[in-house]
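Take a look at the structure below.
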Amino acid sequence: MIKIENLHASIDGKEILKGLNLEVKAGEIHAIMGPNGAGKSTLASVLAGREDYEVTAGSVDFDGVDLLELSTEDRAREGLFLAFQYPVEIPGVSNINFLRTALNEIRAYKGEEQISAKDFMAMVREKSAIVELDSKLASRAVNEGFSGGEKKRNEIFQMAMLEPKLAVLDETDSGLDIDALRIVANGVNKLKSDKNATIVITHYQRLLDYIIPDFVHVLYDGRIVMTGTKDLALELEEKGYDWIKESIDA
Amino acid sequence: MENSNKLTQFTSRFPSTEIDGLSPMANSARLFLSGNDFPTTREERFKYTRLTKLSNAQLDNSAVAAVSDYRKYQVCPEAIPIFIVNGQVYLPETNVPSGLIIDNISSSKSLPSSSMKDVFAAMNLLHAQSGVCVHVAKNTVIDAVIEIVHVCTASYAGFTRNHISVGENAQAKLVMTYASEQTKACFSHVHTSIEVGKHAHFNMEKVQMESSDLFSFSDEEVWQGADSVFQINTLTLDGNLVRNDLHIQVQGEHAETHLNGMYMLNGQQHVANYTTVDHQVANCESNELYKGIMDDKSIAVFNGKVFVRQDAQKTNAFQSNANVLISEDASVNSKPELEIYADDVKCSHGSTTGQLDDEALFYLRARGISERGATQLLLTAFMSDVLEKITIPAVKTKVIKTINERFNWELNL
């Protein structure tokens, strides 16, 4: 699905990713954990094509396509989805209008027909139920006046609508209470199939009680320094990150 | 050399007005113009608008091209149309509803006394060639939209004067359309006086879509009576040098005033909106919202003044101007002003100018929307509150169609 090799990226001349390697196959869920400042969100931003970051070396193969050569929108159209850590409020743009535009642009890119208004609304009803998102929220302006939990549910709702091949969840658990966390995680689990894959970026192990990863990676100082199963997440929760820092820095 | 300045040269090409109703004001207009030249940027009212292009323009109103089909410029197909084509008035050909009187302005014996705020206002008094009077009798509701369509063509230069009176407890909607074709060095100045009677409702959509090589000046002078509601939407979609002066005197208590504006500029357009709301009495409310999007090297000017006189207690006056620049070279000069002499009022004003939110653009693009599509979504969202003020669907449709054509967009509202 995605193969990241020796990825180096910097912002304002400061190198954040320093040779990151990661391979995710279809049907898998990978968790990336790590201390603050390790480069977790940078990885998400670089994959999505945020222009503030400069990729200085390395490659990202996304299902046979050179991801780094694509614009942000083409990455999304190829099937990459980033659930934002801080979803943006966009006053005046309705969630529905925005999603229909997105869906139709993705379809046009793939040479598919535009979705009819009727099919679209049926899809909205079906998918909003997955994250228990009130259909009233679906018709409001994008994230405007949404609570933190509603914003994150809206991210997963969008993911359900756009049906990506690879979803990158950037600290989707941050700011969520346990109920919202469960709803969001359930949504992600329901969308899982053997054709798609998920990268869950998180600081805390808690989310991984609900979204069970196949692999857990530790990102530290711009590189993946350790890979294990879900037990590694529990170990990190218990022992913190210092022991990893010490073993690496030594 | 008082007689050979640029202003006298400019005015010399215009014949004297033959509108009788203006004669009481002729002397003061002459006095105002005497020894005066075109205003320079040292004058506050023209600080951001250079008139040299106009004063140096080769205007020749002796050979005005004919308009092939002026009817096509009507925006609202169901409206009762009045056409003013290069100064020639065409009154409605069919019967108008009872209580509505439409006639040439020359038939009007008395016209309201006009303020001499600049040389253009004075020139209009002396040189207005034609125009219409629209009168809505008291207690009359006119359901049909009335539309006055101004059209001008190559080398037309002239002054037009309209008068609209909406009687006590009457209601009417008017579209004021400005269009042009094959304009080359065209100049048009239109003055419209509007009296909104007690308890009357008057809604006006001013749709400006003249071509981008025309000097278009227009002003509205409005008087509002007690319990009246007046709304004007100034929608500027094209034009070279466009200057709008809107002056509203709120003279009766419990009156409501809504003035909204939208300007979408590109190329080297210069569009200036000057507005004054003069609250003279107590218990009134005014809301002002002007928004603009500027591309290329266009320049917008907004100067909005709200006066709250000493007697105008309990006034609620709100004013806001917001601009989005979508090019590095576009610019805005925005000056909201409040002058308050009463002590028990609620007033606010504000002005913002910025670029599109990069985070929002990235968010939309990360969902698969092209940069162009994302930009349009955000610009439409920015404009949506002003677009919502447009009360006549045909006007809204026309505005969106015009924007799509000029900016090569695909807005779909």
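The values are calculated or read from the model by the stated rules, or taken from the named source; none is laboratory data. Given the structure is predicted, the values throughout are model-derived calculations rather than measurements. Cβ placement follows ideal geometry from the backbone for every residue including glycine, while neighbour counts extend to all protein chains displayed. For accessibility, only protein heavy atoms count, side chains too; no ligands or nucleic acids. Shrake-Rupley method; radii C 1.70, N 1.55, O 1.52, S 1.80 Å.
Miscellaneous remarks
- Förster radius 35 Å - calculated FRET efficiency between A:ALA117 and A:SER71 (Cβ-Cβ, nearest 0.05): 0.80
- A crude spin-label estimate for the pair B:ARG372 and A:ILE248, with each label 7 Å from Cα along the Cβ direction, gives 4.4 nm.
- Distance between the 7 Å Cα→Cβ label points at A:ASP221 and B:HIS258: 6.4 nm.
- Chain-alone versus full-assembly comparison, segment A:80-95, residues with accessible loss of at least 50 Å² (1.4 Å probe): A:PHE84, A:VAL88, A:ILE90, A:VAL93
- Debye intensity ratio in log₁₀ form over the Cα atoms of segment B:255-413, taken at each q of 0.09, 0.15 Å⁻¹: -0.35, -0.85
- Difference of contour (0.36 nm per residue) and Cα-Cα distance, A:LYS25 to A:ILE212: 65.8 nm
- Per residue accessible area in Å² of segment A:169-246, where ligands, DNA and RNA are left out and the probe is 1.4 Å: 47 Å²
- Bridging of B:LYS53 to aspartates and glutamates at a Cα separation below 14 Å is possible for B:ASP213, once same-chain residues fewer than 8 apart are set aside.
- Approximating the spin labels as points 7 Å out from Cα along Cα→Cβ, the B:ASP329-to-A:LYS190 distance works out to 5.3 nm.
- Proximal lysines relative to A:LYS18, as straight alpha-carbon distance under 19 Å, when same-chain residues fewer than 8 apart are discounted: A:LYS3, A:LYS40, A:LYS245
- Nearest-ten-degree value, helix A:178-191 long axis tilted from longest Cα axis of chain A: 80 degrees
- The convex hull built on the alpha-carbon positions of segment A:138-215 has an orientation-averaged projected area of 5.2 nm².
- Projecting the alpha carbon convex hull of the protein assembly as shown along each direction and taking the average yields 35.5 nm².
- Set of lysines with alpha-carbon distance to B:LYS173 below 21 Å, sequence-local pairs under 8 removed: B:LYS72, B:LYS138, B:LYS198, B:LYS206, B:LYS389, B:LYS396, B:LYS398
- Per residue, the accessible area of chain B comes to 40 Å² when a 1.4 Å probe rolls over the protein heavy atoms.
- Taking all Cα pairs closer than 8 Å and separated by 6 or more residues, the relative contact order of chain B comes to 10 percent.
- Rounded to the nearest 20 debye, the dipole size of segment A:137-199 about its Cα centre is 260 debye, using +1 on the Cβ of Lys and Arg and -1 on the Cβ of Asp and Glu.
- Solvent-accessible area buried by A and B, counting both chains, probe 1.4 angstrom, square angstrom: 2000 Å²
- Dipole magnitude (debye, nearest 20) for segment B:1-57, charges at Cβ of Lys, Arg, Asp, Glu: 340 debye
- Residue ranges B:304-313, B:388-397 sort as B:304-313, B:388-397 when ordered by packing (mean number of other C-beta atoms within 10 Å per residue, highest first).
- Rg and Dmax of chain B, Cα atoms only, in Å: 20.9, 68
- Leading residue at positive end of dipole, segment A:147-250 (Cβ point charges), from A:ILE156, A:LEU181, A:ILE199: A:ILE156
- Cα centroid separation, segment B:41-93 to segment B:284-309: 23 Å.
- Net lengthening on full extension, A:GLU144/A:GLU5 (0.36 nm per residue, minus Cα-Cα): 46.2 nm
- One compactness figure for segment B:11-69 is 1.49, namely its Cα radius of gyration divided by 2.2 N^0.38 Å.
- Computed in the context of the full set of protein chains, the accessible area of the protein assembly as shown at 1.4 Å probe radius has 46% of its extent on carbon or sulfur.
- Linear extension gain, B:THR391 paired with B:LYS53, 0.36 nm per residue minus alpha-carbon span: 118.1 nm
- Binned Cα-Cα distance frequencies in segment B:217-295 - 5 Å width, integer %: 4, 15, 26, 20, 14, 10, 7, 4, 1
- Counting all C-alpha pairs of chain A, share separated by more than 21 Å (%): 58 percent
- Taking the square roots of five times each eigenvalue of the Cα gyration tensor of segment B:1-143, the equivalent ellipsoid has semi-axes of 33, 20, 15 Å, listed largest first.
- Put the Cα centre of segment B:176-206 next to the Cα centre of segment B:361-409 and the gap is 25 Å.
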